[in-house]
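Trainee: The structure is given below, and queries will be raised subsequently.
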Amino acid sequence: MRLTGTDIFIKGLKNEGVDVIFGYPGGGVLPIYDGLYASDIRHILVRHEQGAAHAADAYARVTGKVGVCLATSGPGATNLVTGIANAYMDSIPMVAFTGQVTIPLIGRDAFQEADITGITLPITKHNYLVKNIRDLPRIIKEAFFIARTNRPGPVVVDLPKDVMAQEIDFLDDEIEMSLRGYRILKSANTGQVLAAAKAIDEAARPLIYAGGGVISSEASSELTELAGKMQIPVVTTLMGLGCFPGTNPLFLGMLGMHGTGAANYAVSECDLLIAIGVRFDDRVTGNLNTFAPHARVIHIDIDAAEIGKNVGPHIPIVGDVKQVLSEVIPRLKERGGQTSWHEQLRSWKENYPLGYESREDCLMPQFVIEKIYEITEGKAIITTEVGQHQMWTAQYYKFDKPRTFVTSGGLGTMGFGLPAAVGAQVACPEATVIDIAGDGSIQMNIQEMCTAVEQKLPIIICIMNNRYLGMVRQWQELFYDRRYSFVDIEHQPDFVKLAEAYGAVGMRVAKPSEVEPALRKAMEIKDRPTMIDFRVEREANVYPMVPPGGSLNAMLGEGM
Amino acid sequence: MKHTLSVTVDNHPGVLTRVATLFRRRGYNIDSLTVGRTEDPAISRMTIVVDGDESILEQVTKQLHKLIEVYKILDITSEPSVDRELALFKVKSDPQVRGEIMQIVDIFRAHIVDIGRKSLVIEVTGDESKISALEDSLRAFGIIEMVRTGKVAMIRGYKG
């Protein structure tokens, strides 16, 4: 059979079960777009390539499948870079295809040439430049395999224009991968599993610290079983929210810089810290010297390089989280009943609840998020941008299920939430998808409103509008003597008119009493996005807060 | 402390860049790095000398393992192994000191590979300390240029 590079590309996507890709055409990918014209793969046309990368990333987060984006050579490819870095930091399976100039032109600074494999070297799990059409079937297969296995991550495949237009006799044989240096990790060392089980059995004050690895390993039910069987309280990272039910009494909330009092005190007092699918990020640990000072540490992760990178564990276990937990759980002696540890946790929860000043005269952002939680009954898929609103969402929305909270954790990418909502809604057409945004972040990828309108996606964008770059302002207030340097963004578009200009619905809410009716109205709209401009209190802060580099048990905030 | 890693990698274009980028990005120091083909044309071997404590070495090794094109990493620092480096020295040599230089060259089992009117080029193979010792001995005559290949190494015996 005579096939072109493009035919092989489309065939490869189908073999991998890809039914939707997010992309933007251009000169370098003309042969590919010619193939997509006649293909039944759904193509979502974004309005900026960064949006394609974030949408593919979010698609992967909510489905667990590999997200796919496509951009042209040169600027198209470089516009993906932030999105690729974002997926890399959060270990999201994604394959980014980029066009490239023809092979004879590579290295000659041709029009729209960029060395995208060179550029993305430190922010991809792996990348490829396809120089020979005969390698294309294998490379596509390997790219998807690498992206989704072990610790997931983004893979870039750079496709020169002439390779895609070339024709070869294609034998539809089994495509063989050639990955000698890449082994799939599953089960863990049995000795370590036994050591972990013994440590858990013996601990008086155990604590589970769970992260995004639990979600990528699909290990939520094992985690819930472990915590339930042994009555072990659970704290999660930002990336871990939803991996353990937020409404379970054993859940203490998020830990770290903006963690709850109970979560951070529990870390500081526990005698055994069971770290599962986490990487001891600086936003989580604060000062490493005073982090979990009384605890022995079990660290379970699929990536051996994470073990001992920041914190040296007493019991390291390298393996797939789901597999490891299912080996540990049957070896544990069931433990019921409440101990003084549970009593202590209960008192921390009661004494240090999350809180904010509730006011009638103005709108508190935390109140808006509580209302969103209430009205969606905790069942929405929530995406966020980055900043104060993101932390308030993590604190006040209780996520019961994995893959329902989509946020930029590691890279902290402003402008992530709106394209992420597009990706999430495309993946889950029946779900309520809400982008909780800030007025700064939303302007970074606002062009994706157009994509959402065109695709008739009923996304609800809730802007916590304080006319400040709020998180930076908070730091300037606390650590720079209130010198508010370039954070006042009162100059901004009229978001209601802007929404309407895009063909979406726009609303403005300034009073607490208007919040619920506006949200209810937005949820009834099914054929287009709604943007709600919540005019919130300007100088509300995110508390509690562990100052950067501080100890987790020294939090700032009312009553801490 | 210095560690010698013997790293087996795919003989693909770009593998060297991946390894070098990894060292740069994670802030590890490379003392020397050599790379060349092996008995299997699909495979190259890198000999990397890294300076750092145990924890740095552990991170280097684990991060290297994550590169898809890296198969095997051996820390051969404490293994019985043979290691060699090659160096070329261009030394000032007036006729009256030439004899003295030739004696030194003999002692070190080095070779003179080029003679000019006022200079000699000396080739030497050996471990790091031998090359450093020769360098010290030649310095008095005036070293015009020196180039060292960096270390290549192999474990003794059957084990690979």
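Trainee: I need the phi-derived Karplus couplings for segment A:254-267: 6.51 cos²θ - 1.76 cosθ + 1.60, θ = phi - 60°, integer Hz, Gly and Pro marked x.
Mentor: 7, 9, x, 3, 10, x, 6, x, 4, 5, 6, 5, 4, 4
Trainee: Now for a different question. In percent, what relative contact order does segment A:382-479 have, based on Cα pairs under 8 Å that are 6 or more apart in sequence?
Mentor: For segment A:382-479, the relative contact order is 32 percent.
Trainee: So what's the gap between the Cα centers of segment B:42-94 and segment A:1-30, to the nearest angstrom?
Mentor: A separation of 41 Å, based on Cα centres.
Trainee: For segment A:413-472, what size does the Cα cloud have along each of its three principal axes, sorted from largest down, in whole Å?
Mentor: So the extents along the principal axes, rounded to whole Å, are 35, 19, 17.
Trainee: Taking only the alpha carbons of segment A:79-208, what extent do you get along each of the three principal axes, in Å, biggest first?
Mentor: 66, 36, 17
Trainee: In segment B:8-25, which residues become less accessible by 50 Å² or more once every protein chain is in place, relative to the chain on its own, using a 1.4 Å probe?
Mentor: B:ARG18
Trainee: Here is a follow-up. In segment A:169-185, which residues give up 40 Å² or more of accessible area once the other protein chains are added, compared with their chain alone (1.4 Å probe)?
Mentor: When all protein chains are present, A:ARG180, A:GLY181 each give up 40 Å² or more of accessible surface.
Trainee: Another question, if that's okay. Roughly how large, in nm² to one decimal, is the mean projection of the convex hull of the alpha-carbon atoms in chain A?
Mentor: The number I arrive at for chain A is 26.2 nm².
Trainee: Please compute the modelled spin-label separation between B:MET154 and A:LEU288, points set 7 Å along Cα→Cβ, answer in nm with one decimal.
Mentor: That separation, rounded to one decimal, is 3.9 nm.
Trainee: Is any residue of segment A:64-100 close enough, with backbone N under 20 Å, to a label point placed 7 angstrom from the Cα of A:LYS401 along the Cα-Cβ axis, and if so, which?
Mentor: Taking a point 7 Å out along Cα→Cβ of A:LYS401, the residues of segment A:64-100 whose backbone N falls under 20 Å are A:64-67.
Trainee: For segment A:377-509, list log₁₀ I(q)/I(0) at each q in 0.19 Å⁻¹, using the Debye formula over Cα point scatterers of equal strength and ignoring solvent, two decimals each.
Mentor: Debye curve over Cα of segment A:377-509, log10 I(q)/I(0) at q = 0.19 Å⁻¹: -1.09.
Trainee: Indicate the residues belonging to segment A:304-331 that lose 30 Å² or more of solvent-accessible heavy-atom surface (probe 1.4 Å) upon moving from the chain alone to the assembly of all protein chains, ignoring ligands and nucleic acids.
Mentor: When all protein chains are present, A:ALA305, A:LYS309 each give up 30 Å² or more of accessible surface.
Trainee: Just tell me how shielded A:252-264 is by partners: mean number of partner chain Cβ atoms within 10 Å of each residue's Cβ, no decimals.
Mentor: 0
Trainee: Other chains' Cβ within 10 Å of B:56-66 residues: what's the mean?
Mentor: 4
Trainee: Can you tell me the length gained on complete extension of the stretch A:ASP172 to A:THR190, counting 0.36 nm per residue apart and subtracting the Cα distance?
Mentor: Stretched fully, the A:ASP172-A:THR190 segment lengthens by 2.3 nm.
Trainee: Normalising by the residue count of chain A, find the relative contact order in percent from Cα pairs under 8 Å and 6+ residues apart.
Mentor: Across chain A, relative contact order equals 14 percent.
Trainee: If you don't mind, there's one more thing I want to ask. If you average the C-alpha positions of segment A:412-449 and of segment A:109-174 separately, how far apart do those two centres end up, in angstrom?
Mentor: A separation of 28 Å, based on Cα centres.
Trainee: A follow-up question, please. Just to confirm, what accessible area per residue do you get for the protein assembly as shown at 1.4 Å probe, in whole Å²?
Mentor: For the protein assembly as shown, the per-residue accessible area is 42 Å².
Trainee: A further question follows. If you roll a 1.4 angstrom probe over the protein chains with everything in place, what fraction of the accessible area of chain B belongs to carbon and sulfur, to the nearest %?
Mentor: That fraction is 52 percent.
Trainee: If packing is taken as the average number of other Cβ atoms within 10 Å across a peptide's residues, how do A:82-90, B:117-125 rank, most packed first?
Mentor: Result, highest mean first: A:82-90, B:117-125.
Trainee: For chain B, what's the relative contact order in percent, using C-alpha pairs closer than 8 Å and at least 6 residues apart?
Mentor: 27 percent
Trainee: Let me ask you something else. Largest first and to the nearest Å, give the Cα extent of segment B:27-160 along each principal axis.
Mentor: Reported extents, whole Å, longest axis first: 57, 32, 24.
Trainee: Another question, if that's okay. Which three semi-axes in whole Å describe the equivalent ellipsoid of segment A:190-351, each the square root of 5 times a Cα gyration tensor eigenvalue, listed largest first?
Mentor: Equivalent ellipsoid of segment A:190-351: 20, 18, 15 Å, largest first.
Trainee: What FRET efficiency would be calculated for the residue pair A:THR247, B:THR125, taking the C-beta separation as r and a Förster radius of 51 Å, to the nearest 0.05?
Mentor: 0.10
Trainee: Per residue, how big is the convex hull of segment B:82-154 when only Cα atoms are used? Give it in Å³.
Mentor: 72 Å³
Trainee: Still on this structure, I have one more. Which of the pairs A:LYS65/A:LYS229; A:LYS141/B:LYS72; A:LYS333/B:LYS66 have their Cα atoms more than 27 Å apart in this structure?
Mentor: In this structure, A:LYS65/A:LYS229; A:LYS333/B:LYS66 lie more than 27 Å apart at Cα.
Trainee: To continue, here is another question. Would you be so kind as to identify which of A:SER485, A:ALA522, A:GLN455 lies farthest towards the positive end of the dipole of segment A:445-522, taking Lys and Arg as +1 and Asp and Glu as -1 on Cβ and the Cα centre as origin?
Mentor: Checked the options; the winner is A:ALA522.
Trainee: In Å², rounded to the nearest 100, what is the total accessible surface buried by chains A and B against each other with a 1.4 Å probe?
Mentor: 1500 Å²
Trainee: FRET efficiency for A:LYS198 and B:GLU54, Cβ-Cβ distance as r, R0 = 25 Å, nearest 0.05?
Mentor: 0.40
Trainee: Ok, one more. About the Cα centre of segment A:365-535, how large is the charge dipole given +1 on each Lys and Arg Cβ and -1 on each Asp and Glu Cβ? Please answer in debye to the nearest 20.
Mentor: 140 debye
Trainee: May I ask which residue of A:THR383, A:VAL101, A:MET464 lies farthest towards the positive end of the charge dipole of chain A, with charges of +1 (Lys, Arg) and -1 (Asp, Glu) on Cβ and the Cα centre as origin?
Mentor: Ranked along the dipole, the leading option is A:THR383.
Trainee: For A:ASN310 and A:ARG331, compute 0.36 nm times the residue count separating them, minus their Cα-Cα distance, and round to one decimal in nm.
Mentor: 4.7 nm
Trainee: Between the alpha-carbon centers of segment A:363-410 and segment A:514-560, tell me the distance in whole angstrom.
Mentor: When both Cα centres are located, 8 Å separates them.
Trainee: So if we plug the beta-carbon distance of A:LYS14 and A:THR102 into 1/(1 + (r/R0)^6) with R0 = 22 Å, what FRET efficiency do we get, rounded to 0.05?
Mentor: 0.25
Trainee: Projected area of segment A:444-560, taken from the Cα convex hull and averaged over every viewing direction, in nm²?
Mentor: Orientation-averaged projected area of the Cα hull: 9.4 nm².
Trainee: Determine the calculated [θ] at 222 nm for the protein assembly as shown from helices alone, applying -39500 (n - 2.57) to every DSSP H run no shorter than 4 residues and normalising by the residue count; nearest 500 deg cm²/dmol.
Mentor: -10500 deg cm²/dmol
Trainee: Please get the size of the charge dipole for the protein assembly as shown, origin at its Cα centre, with Cβ charges of +1 on Lys and Arg and -1 on Asp and Glu, quoted in debye to the nearest 20.
Mentor: Result for the protein assembly as shown is approximately 740 debye, rounded to the nearest 20.
Trainee: Positive end of the charge dipole of chain A (Lys, Arg +1 and Asp, Glu -1 on Cβ, about the Cα centre): tell me which of A:CYS428, A:ASN289, A:PRO25 has its Cα farthest that way.
Mentor: A:ASN289
Trainee: Going by accessible area, probe 1.4 Å, with all protein chains left in place, what is the ranking of B:LYS72, A:LYS333, B:LYS151, A:LYS521, largest first?
Mentor: I get A:LYS333, A:LYS521, B:LYS72, B:LYS151, largest accessible area first.
Trainee: In nanometres, what is the gap between the two model label sites at A:HIS342 and B:ILE143, each 7 Å from Cα along Cα-to-Cβ?
Mentor: It is 7.2 nm.
Trainee: On a 28 Å Cα-Cα criterion, which of the cross-link pairs A:LYS379/B:LYS62; A:LYS198/B:LYS2; A:LYS322/B:LYS159; A:LYS497/A:LYS526 come out too long?
Mentor: Over 28 Å apart, Cα to Cα: A:LYS379/B:LYS62; A:LYS198/B:LYS2; A:LYS322/B:LYS159.
Trainee: Mind ranking A:532-540, A:222-230 by how tightly packed they are, going by the mean number of other C-beta atoms within 10 angstrom, highest first?
Mentor: Top to bottom by mean Cβ count within 10 Å: A:532-540, A:222-230.
Trainee: Given a 1.4 Å probe and every protein chain left where it sits, what share in percent of the accessible area of chain A is carbon and sulfur?
Mentor: Of all accessible area on chain A, carbon and sulfur atoms account for 50 percent.
Trainee: Follow-up. Does anything in segment A:454-490 have its amide N under 14 Å from the 7 Å Cα→Cβ label point of A:LYS526, and if so which residues?
Mentor: A:457-459
The values are calculated or read from the model by the stated rules, or taken from the named source; none is laboratory data. Quantities reported herein were computed from a predicted structural model and do not represent experimental measurements. Counting neighbours? That spans all protein chains shown, and the Cβs are built from the backbone with ideal geometry, glycine included. Heads up: the accessible areas ignore ligands, DNA and RNA and are worked out on the full protein's heavy atoms, side chains in. Shrake-Rupley method; radii C 1.70, N 1.55, O 1.52, S 1.80 Å.
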